[in-house]
Each structure stands twice: as structure tokens, then as C-alpha cells.
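*Asks:* Submitted below is the structure of interest, expressed as C-alpha cells.
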Amino acid sequence: MPKKSDNTRKLEDVGIEIDGDPDSADEVKNTKSKGGGKKPTGKRGKADDSEDGEDEDEDDKPQKARRANRRKAAQQQPEEEDSDDEIPQRRAAGNRRRGKPGANGGENGENKRNKRGGKKQKEGKGKGGGKKKSSSEDSKSEGGDEEEESMSEGERARLMEEVEEKKKLIANIRNKPWRMKRRLKHLKEAQLFVDKFEGALGKGKGRKLYAYKVMMMKKWIKFQRDFDNFKTACIPWERKIKEVESHFGSSVASYFIFLRWMYGMNLVLFSLTFGLVVIPEVLMGLPYGSIARKTVPREEQDSAMDYSVLTDFNGYCKYSVLFYGYYNNQRTIGFLKFRLPLSYLMVGIGTFGYSLMVVIRTMAKNADVGGGDGEDSEFTFAWKMFTSWDYLIGNAETADNKYASITTSFKESIVDEQENQKDENIHLRRFLRVLANFLITCTLGGSGYLIYFVVKRSQEFQNMDDLGWYEKNELEIIMSLLGLVGPMLFETIAELEEYHPRIALKWQLGRIFALFLGNLYTFLLALFDEVNAKLEEEQEIKNASIWFTKEYYANYTLNNPNDTGTPPPMDPADVIRGPCWETTVGIEFVKLTVSDIQVTYLTILIGDFLRAMIVRFLNYCWCWDLEAGWPSYGEFDISGNVLGLVFNQGMIWMGAFYAPGLVGINVLRLLTSMYYQCWAVMACNVPHERVFKASKSNNFYMGLLLLILFLSLLPVVYTIMSLPPSFDCGPFSGKERMFDVIIETIELDLPSFLGTLFTYAANPGLIIPAILLMVLAIYYLNSVSQAYQNANLELKKKMQMARDEEKNRRNNKDSTNQVMKDLEDLLPNRSNLPPAEEAKDKHEEKKAKVKPGAAGNGVNLQKDVSLASANPNARGPVTQAPGPRAPGPGAGRGRGQGPPPRR
Amino acid sequence: MGNKQTIFTAQQLDAYQVSQEKLLFHRYRDLAPQLVPLDYTNQPDVRLPYELIGSMPELKDNPFRQRIAEVFSEDGEGNMTLDDFLDMFSVLSEMAPRDLKAYYAFKIYDFNNDDFICKSDLEKTLNKLTRNELTEDEVRMVCEKVMDEADLDNDGRLSLEDFQHMIVRAPDFLSTFHIRI
């Protein structure tokens, strides 16, 4: 198959040659899309010529304009001949498309002409001016004598150019919408031509470089593609989330994206805590049983391994590395002289610092994304319809997902659109919304009072002895009842408002959040009561403990009067120890987190899975249709899940300082719940009745998270700054305040001048001006951002206006503006003009389309611009003169800036 | 929504970079080894029926496969010669310019070949995309919206110009209208 291989080689060129010069490619394309018609070509030719002239003028400045003109005329000639030469061949090739050869000829000529301009510039660069001059000279003389004798200088140059043109043709052939047969034919001719004459002329120097460039370009594109794929592959759970998104819409997916984000953040917190606190302590700290705080007390040892005790995080759990109390207050541990107490405090602070930074940064980034959105773009539906199918899909399952996701996204857009179109009774709606908010405020106030009341009562109960089960657990019961009933109540009330589901979700989230805050703060208050009680208790125990130790040694000397050496230390299990309120708080948070995990998972299992099972299988033998009727399948509860996640994170932030292990537990929880919930939602839930689009940014969730972060920051900072640490447990034992570690480090480990520097920095005289300065900066930035926002709105309006106007102009029979209409009527000879004008418009458009030098995406801009400027007086005083309309990318479509006289 | 499931390994992509046509030729031939000769010296007139073309893994899950085949085939019936076949993949390849792609996309979505995308074309497109899962009202509404957005000369149908005007602005047209072989 020798011929075939030949074929193949050429095909290679057809298929693979990269689009080296996008400009000319686009032009060619436009010519084509216009579909034949010799006239525009001719006009275009003129335009090109003038451009050519310019090019050359630039190239050889000494030449006079007159000469240039002459040259132009001369050039026109050989080009015409070129295209004539080709036409017969083309006719032979493409009998089918009889209509086109003319156009194609023009196209080719054009191609060449452009080519020439571009090529010349290139050559000018490459070989200097000398070559240029000669070629232009030749082209001048070309006019008369060309068909003739051997290689004159001029002939040579012309051949050269022709060869280059052919090469260009080869390069661009794939960009032409021709049938393969025709392309092959052209290619073969061009190739033959090049092969034949290139030898005579000597190989083009640029060729190798060009080939190399092309190769590198291909490699680069491939690399980019691979890199993109790699990046996508590196995003965890991307496919899982896409799958959920395709069936349940972007709102449900936004929860999972949020979950994934949380997982990422917690992973960092986890590595901070474990890397700098837990693992150093395990590796280098004293082992279990060496000192009192690392040993289970004697009286608890029997039950310390019991399952029930361990699940309460008592026994061995309590005296493990998971909790604050286990850490020793040695200043440095191990051979690395690791300053564990300092590191502990720093990690505690760093956790908050990092979280704050990440949340705020993400919010800022999301706001960015949300700002330049395509949300209200002009082509929402059209793009969805024509570009949403991904032709790359070659896998049945993916295709199924894609169908689902396209359907879902259409439904989302339809909901949005319906919302826009809804004409409503604005007064009634407003009244209902006010009413709903009033009701909800009442509910919130009521629940707040209820909590207050119950807390008061429980404090009274504390002093009583004979309490029933209800009295003991009253607080918890009321809390969970509120948490259960409140959201449902809100949802019912929210139906009054008839918001778009997306906005309704936000309201719902905000309201439930407010409800839960009461929950959270009651819990905190109770905790602080406990801590205060423990602190009082501690003072007594401290004294008792010291007394006990003394007594132990006294007894020892009494019992062993002969022993002169120091007595053996007391068994750590027997030492009397304080209550260690930090560990208690830590345990409280861990318990809360674990029970939250259990409740969440069980709810999913029972509320979703079991329900789905029952609905699915009992449906065969039931009186009514379970699937369509009452229980039906569950919908995914976005607000509940998001809030669960947010509050859980609050717990982690609050508890992490007292229980470093909590972060690890949380990471595990998030990891499992990602898989578990993904499965649950796909297996047991049905999409929402009105699938709605999530807002572009997750900033509402982030805002909630930020609020919770701030709220959880308060108690922790309060304890660090103002409560004394326990005397016998934790890394700060023996200090007056926890932050004394820092002061100690500054005094002992840093050079003294740094210490004085810190004292200065801590001076209120310095801090207050700094705060003032920051407030001023915030104010300034805020006003700047507001100004930008206004400008943005203004621009958006302008764009919309420009678009409307463009539409009106296109079908300019009826303009929107009544004044304009009247004006038009007043003008003489207007009545019969519009059709002609329109035709002219189209005409101009075609011409404009092929304007050389239109860069890739500039094609249409240019078209618009010249559309307007080509016949500025077509509409009398209405149209603006072309001058001020800058053809820049921004202003291209900006017709809306409009001429002053009109408004 | 980047449900990008590529069907090819890196090696195959490499191959595509190096000798796309050979690969394409073999792909073409593999569809019907008994029909397609190995020797193409004398330009045999071989056409593969649409059934074979449409069953290629690249196309078989595409809702528009029949249109694609019809548009690119010379006879308009979806029966393809090797040239048509190469045509198709060169247009759908990564390197084809945007306007070329836009032109062929227009032809693909123009179901009744009248050089305009009219309401019925839109409805067909939409139903293929969503597998008829939208209600009639929704379909009507979407089609109206599309017309409203893209039809610049208000003639109730999309000309090639309207279509290009709209499609060249679409952010992911280039990345989705594209087949890797």
C-alpha cells in the first residue's frame, strides 16, 4: 500500500497541522460562513490592498506613496491570475458545489494576500530590510512580464511567495469547511508545488523553526489537558458530588461541597494538633503511669476498662493523650527540647487563627466568583441548550448522569424564570411576609424564654434531692423538643412568604440558627457553672493534697526510722488530685460530638433508609400508594444538614483546646459522613419538588460558620485569659494564668531587648491608635467597595441597555423609543428606506466580517462596530458618528453609551 | 459540568497526536473489516452504513449521533466514506477553530436542513437532551426563552448568524463540542 501511505502522509498534514495563525483562520471562516457572493470579496480585496500597502510602506519607508499605489495595482494582477489558475482545478475537484468556486477563489486570493502581508513582516524581521526591498521591486516589475522565461530575480521572488502561500494553504487547510476530497486535492497540489519549487529555491529557513514551534504547541496543549485532568482527578469526591448534583440539583450538591471544604479545613487543624501536640507528647513525654496526672486513680482502676465507662470517656480514656489533663508541665521534653506547653497554647490559638483566615479568605474568593457571574447572562437558555452536552462522553453511565444533570439544570433555570415572571400582588405579599416574620420572632422569643425558664428551674433543682427522671432531664428534653418542633414550625410559616426556594432556604437557615444559638449558649452557661464550682472545690483539694503528701513522707520516716535516704515517691495512683476542670470540659464536648454523630447517623438510617425501604416494599401490599401518597420518600434536608455541620464545627472549635483528640474524631466523622450521606442521598432520597439552583457562592454557609467561629472563640479566649489553670493537670499547671507560658518564654529564652520590645508593644498607648487606624481602614475600604458595587450595577444596566438597543437596531422597523419613532416619521423619504437600509446593513456586515486582522474573538465586535460606522447617516440624526466609538473589547458592544442627543 | 469520562488512555492520546489519520483509518476499518479494503490507492467507493458509525464508542452515547453522521456524510443519510469520516473527526478535534465548529454545530442542530434553527428544531434538541423528561409547558417555555435570547432579527428562527453570535460567547462551547479519538 504505497499509495496509501502517501495519502496518509498528506492527511497528516490536513488533520494535524495546527492552526498557526488564528487570525487568518477566522477570516477564512467568516468568508465561508457568509456563503459565496463575489461582490463582498471584491470590496474586501480593496480593503486588503490598502492594508497591504500599509504593510509595505512600513517595511520599506524610502518608497514613495505613489510607488506603493502603483505596486498595489500591479499586485492585484498576479493575484487574480493565481486564483484563476486555481479555479479550473477546483472545478474539477468539486463539481458538486458549483456555486462556490468563485467565492473560494476570492477566499484563496484573500488568504494569499493576508499571507503576504504577514509573511513579509516575518521576513522583514528575519532577514532584514534588504530582502524586502528586492521583493517589492520585483512585484512592481511583475505586472507586465511574468508568464515567461527562466529564473529572473523577480520570478524567483514570486515563486518564493507562492511557495509560502501554498505552505500557508497546507497549514490552514483543515480550517476550511470543505469535504475531505477537495481538501486532499488542494493539499496535493500545494504539496506538489512546494516540493517542486522549494528545492529550486533552497529550503525555507523558517520551516524547521516552524515545525518545532508547531510540535511544541501540540505538546503544550496536550500537557495542559493532562494537567487539567490531573487537577480534576486530585479534587476528592468530585465525581461523587457531580453525580449527586446531576440528580438532585446544585443546591444539594452545595451541601456536599461545603462538607468537603470543611473536611479540608479540619484536616489542616488535625495535622496541626497532632503534629505539634499529640505526637510529641506520645513520643517524648513521660509514659503512662509515671506521674499522677497520667495514671488512673486507685479507686477507679477496677472499672477503668469497662465498656460503659469508656464510652463515657472516663477511665483510661480520661487519662489519655486525648485530653488536656494528660499533658505535663515540663518546660521542655525529650532530647529535642520541645517546648510542649508553649506549643500547646500556640496550637490552641493557631487553630482559631487559621480557621478565621481560611473562612474569611474563602468568603472573599467566593464573593469574587459571585461577582463576575454568568448568572444573568443574556444567553442562559440558549447556552444550556446548545453547549451543555459534552461530546466527550463515551460511557453509558456518565451519559445517564449527564442527561439527568441537564434536565435538572433546565428545571432549575425554569424555576428561576418562573419566579421572575410571576406577577404578584405586591401588597398582599408584603403583608404576608411581615406577618410571617412577626410570627417567627414570636416563636424565637418564646423559645428563648422557655430555655431561660427551664435553666432557672434546673438550678433550683440542683439543691433538691428527690427528683424524678423528668426533673433531672428536663433541660435536655425541652431543648431537643424545641430543636425538633422549631424548624417544622418555621417551614410552615415560611410558606406564607412564597419566596424563591433559594431565598427561602437562607431564611430558614438563619431562623433555625437563631433558635439553636439559645441551645448552644444554655449549654455553655451550664458548663461555666460547673467550672466555677470545680474551681472552688479545687482550692480545698489543693490544700488537702499538699497536706496528704506531707503526711505521707512524715509517716514514711516514722515507719522506717532506720532509713536515712530519701523516701520512695508515692505511687501516682494514690495521689489526691484536683477535679481538673479542663478535662471535664473536654469530655463534655467529646461526648456531645459523639452523641451528635450517633444521632445524625441513626436519623439517616431510620428516617431515610428505613422509610425508603418501607415505602418501597410495603407499597406492594398497602391500601394506598405509599410512593405517591403520604410517607413517600424523604427529601434531602439541606438546612438541617448544613446547620448540623456548622454547629458541630463550633463544638470542635470550642472543645479542641481541652481535648486535642476531638479534632481527630471530627476528621473521622466528616470522612465517613461524606461517604455515608452520599450513599444515603442517592439511595433513599428523591429530588426536591422544585429543584433550585444554589447561589453561586456558598457564602451564606460560610457566614454562618464565621458567626459560629466567633461565638466559640469567646468562651475559649475567656477561659485562657481569665481562669486559672488546674494546679495538678495539664501543660499549664502551677501557673497563675495559661498565657504565662508566653511571658515565661519571652523572659527566659529570648534576648532581653525583645522582652522590652514586647512590653512596649503591649502598651495601651500603642494599641489604641493601632485599633483606631484599623477601624479607619475598614471604613475606607468599605466605602470603596460600595462605590465599586454601584459602578458595577451601573455597568450592568448599560450592558442590558446596549443589548436591547442592538436588538432594536437589527430589526429597526419599530424602535422602542417613541420619540425616535416620531423623529423618523418627520424625516422625509423615511418611509421607504428601512428595507434598503437593512439590505445595506447586511451588506456592510459581510464586508466587515472579513476585515483582516480581526483577532479571534474580535470578529463580532468588529462587525458591530463597522455595522454602525459604515453608514452613519442611515438613520439621520439618530446614529452616532463612528469616531468616539472605540473598538476596544469593552466598548465594542457598548452601544448603550448612546449618542447624547437621544436622551 | 465536567462529567469528563475519557475513553482513552494516555498512550492512545499520544497516538492521536502522532498519527491521527492512521489511527482514524484503522478505527474506520475496524468498524467493518470485511467492507473496507486496506488499499486505498484507487479510491474505492466504500460507504459504511449509519448503524456502524453510530455504534462507535465515541458516538453511541451521544444524543445527536444520527445528526452528526447525517451532517458529515456526503449523502446526508449518515452513510460515511472514509473522507467523511476523517472530516467528522477533524471538525470535532481539539484543534479545529471555533467558527468551523460553530458552523457544523449549527448544521447538527438544524434538524430539518432548512438552514435555520426553528422552533421544532429546538424542541427536538431539547427533548433529546433531556430524554423527554420535561413537560410540554416547560419545553415550550424553554424554546421561547432560547428564541428570545438568541434571535436577533426577530424572525422567529435562528439563522447561522444568530447562532454564531450566541455560540462564540459561550464559555464552554469549545470544550464540549469536541471528540477525542
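*Asks:* Return the total of residues in segment A:502-523 being among the basic types (K, R), modelled with pLDDT of 85 or more and farther than 17 Å from A:C442 by Cβ.
*Replies:* Adding up the residues that qualify gives 1.
*Asks:* Same structure, new question: For segment A:455-486, which positions are without any contact (Cβ under 8 Å) to a residue 60 or more places away in the chain and β-branched (V, I, T)?
*Replies:* If the condition is that a residue be without any contact (Cβ under 8 Å) to a residue 60 or more places away in the chain and β-branched (V, I, T), then A:I477, A:I478, A:V485 are the ones that fit.
*Asks:* Within segment B:124-141, is there a residue that is more than 23 Å from A:I393 (Cβ to Cβ) and either within 8 Å of chain A (Cβ to nearest Cβ) or at pLDDT below 85 (or both)?
*Replies:* Yes, because at least one residue in segment B:124-141 is more than 23 Å from A:I393 (Cβ to Cβ) and either within 8 Å of chain A (Cβ to nearest Cβ) or at pLDDT below 85 (or both).
*Asks:* Here are some residues: B:D99, B:D110, B:D39, B:D83. Which one is free of Cβ contacts under 8 Å to residues at least 60 places away in the same chain, surrounded by 15 or more Cβ atoms within 10 Å (Cβ to Cβ), acidic (D, E) and at the interface with chain A (Cβ under 7 Å from one of its Cβ atoms)?
*Replies:* Within the list B:D99, B:D110, B:D39, B:D83, the selection yields B:D83.
*Asks:* Ok, one more. Would you mind telling me which numbered condition in (1) assigned to a helix (DSSP H, G or I); (2) among the hydroxyl-bearing types (S, T, Y); (3) at pLDDT below 85; (4) closer than 26 Å to A:I638 by Cβ A:Y499 fails?
*Replies:* (1)
*Asks:* Looking at (1) part of a helix (DSSP H, G or I); (2) closer than 25 Å to A:T311 by Cα; (3) not aliphatic (A, V, I, L, M), which one does A:S726 not meet, given that it meets all the others?
*Replies:* With (1) part of a helix (DSSP H, G or I); (2) closer than 25 Å to A:T311 by Cα; (3) not aliphatic (A, V, I, L, M) applied to A:S726, the lone miss is (1).
*Asks:* Could you please find all residues in segment B:49-59 being part of a loop (DSSP other than H, G, I, E, B) and surrounded by fewer than 18 Cβ atoms within 10 Å (Cβ to Cβ)?
*Replies:* Answer for segment B:49-59, where residues must be part of a loop (DSSP other than H, G, I, E, B) and surrounded by fewer than 18 Cβ atoms within 10 Å (Cβ to Cβ): B:P49, B:S55, B:P57.
*Asks:* Restricting to segment A:418-456, name every residue that is surrounded by fewer than 16 Cβ atoms within 10 Å (Cβ to Cβ) and within 30 Å of A:T380 (Cα to Cα).
*Replies:* A:Q418, A:N420, A:Q421, A:K422, A:D423, A:E424, A:N425, A:I426, A:R429, A:R430
*Asks:* Of everything in segment A:211-238, what is more than 8 Å from chain B (Cβ to nearest Cβ), at pLDDT below 85 and buried (at least 16 other Cβ atoms within 10 Å of the Cβ)? Give them in sequence order.
*Replies:* Across segment A:211-238, the qualifying residue is only A:V214.
*Asks:* Of all residues in segment A:292-316, which are buried (at least 17 other Cβ atoms within 10 Å of the Cβ) and touching a residue at least 40 places away in the same chain (Cβ under 8 Å)?
*Replies:* The answer is A:A292, A:R293, A:K294, A:T295, A:V296, A:F313, A:N314.
*Asks:* Residues that are among the hydrophobic types (A, V, I, L, M, F, W, C), in contact with a Gly (Cβ under 8 Å, 6 or more places away or on another chain) and modelled with pLDDT of 85 or more, at least 2 per element: which helices (runs of 4 or more DSSP H) completely within segment A:561-657 meet that?
*Replies:* Those helices (runs of 4 or more DSSP H) span A:581-603.
*Asks:* Search segment B:149-170 for residues being within 7 Å of chain A (Cβ to nearest Cβ) and not in a helix (DSSP H, G or I), and hand back the single one that is surrounded by the most Cβ atoms within 10 Å (Cβ to Cβ).
*Replies:* My answer is B:A170.
*Asks:* Residues that are among the acidic types (D, E): which helices (runs of 4 or more DSSP H) entirely in segment A:293-401 hold 1 or more of them?
*Replies:* By residue number, A:340-371.
The values are calculated or read from the model by the stated rules, or taken from the named source; none is laboratory data. Every value quoted in this text rests on a predicted model; they were computed, and no experiment measured them. Backbone-built Cβ (ideal geometry, glycine too); neighbour counts: all protein chains shown.
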